[in-house]
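Shown next, in structure tokens, is the structure this report addresses.
Read-outs throughout are calculated quantities, based only on the coordinates presented, and are distinct from any laboratory measurement. Owing to the predicted nature of the structure, the values given are computational and were not obtained by experimental measurement. Note that each Cβ is placed from the backbone with ideal geometry, even for glycine, and that neighbours are counted across all protein chains shown.
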Amino acid sequence: MLGKFFIAAALAVTLSGCVIAVGGDHEFDDDSNWKKTQQYNQQQISKLALDSSAEDIRTLLGTPDFTESFSHEGETVTVLFYRTHHHKSDGKTTKEECTPLIFKQNLLTGWGDKAYKYL
């Protein structure tokens, strides 16, 4: 009986340091995923044409990281933000790491920080 206790105790001590991590709520599971996403977004945004529809852009780039929509001077304005430049490795995407795409009446009128500031 005492022998079984020592074997069980020895196993408990050796296994107590084992930790297995499964899953997680990270936006990007590894370093290469966000880099690939950013690179893809940069490439596609560089090919955009004014007057493209918001639907076409969403089909091309997927779901934006952030979205804003409001009325400005009687027009509906929608801004889609796509991640294009890394700032801080914290597992979160911020608007500062994104390029804004500006749509008026559902048509692309500009993109980038300057276009966003001129709204």
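How many percent of Cα pairs in the stretch 50-119 exceed 21 Å?
So the portion of pairs separated by more than 21 Å is 22 percent.
Sorted by mean Cβ packing within 10 Å, highest first, what order do the peptides 37-44, 77-84 take? Mind dumping the intermediate values first?
Values: 37-44: 15.6, 77-84: 20.8.
Peptide ranking by packing, descending: 77-84, 37-44.
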(message) Going Cα to Cα from Lys36, which lysines come in below 24 Å? Please leave out same-chain ones fewer than 8 positions away.
(response) Lys47, Lys88, Lys92, Lys95
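Let me check against my output: what whole-number percent is the relative contact order of the stretch 50-119, with C-alpha pairs under 8 Å and at least 6 apart? Don't skip to the answer; put the middle values down first.
Numbers: 109 pairs, mean separation 21.7, N = 70.
Computed value for the stretch 50-119: 31 percent relative contact order.
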(request) Under 9 Å from the Cβ of Gln38, count the other residues' Cβ atoms, weight Lys and Arg +1, Asp and Glu -1, and hand me the total. (result) +2
(request) Note the full-extension length gain between Lys104 and Phe70 as 0.36 nm times their separation in residues minus their Cα-Cα distance, in nm to one decimal. (result) 11.3 nm
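Multiply the residue gap between Glu55 and Lys36 by 0.36 nm, knock off their C-alpha separation, and tell me the result in nm, one decimal place.
Numbers: separation 19, 0.36 × 19 = 6.84 nm, distance 2.25 nm.
Value of the extension gain: 4.6 nm.
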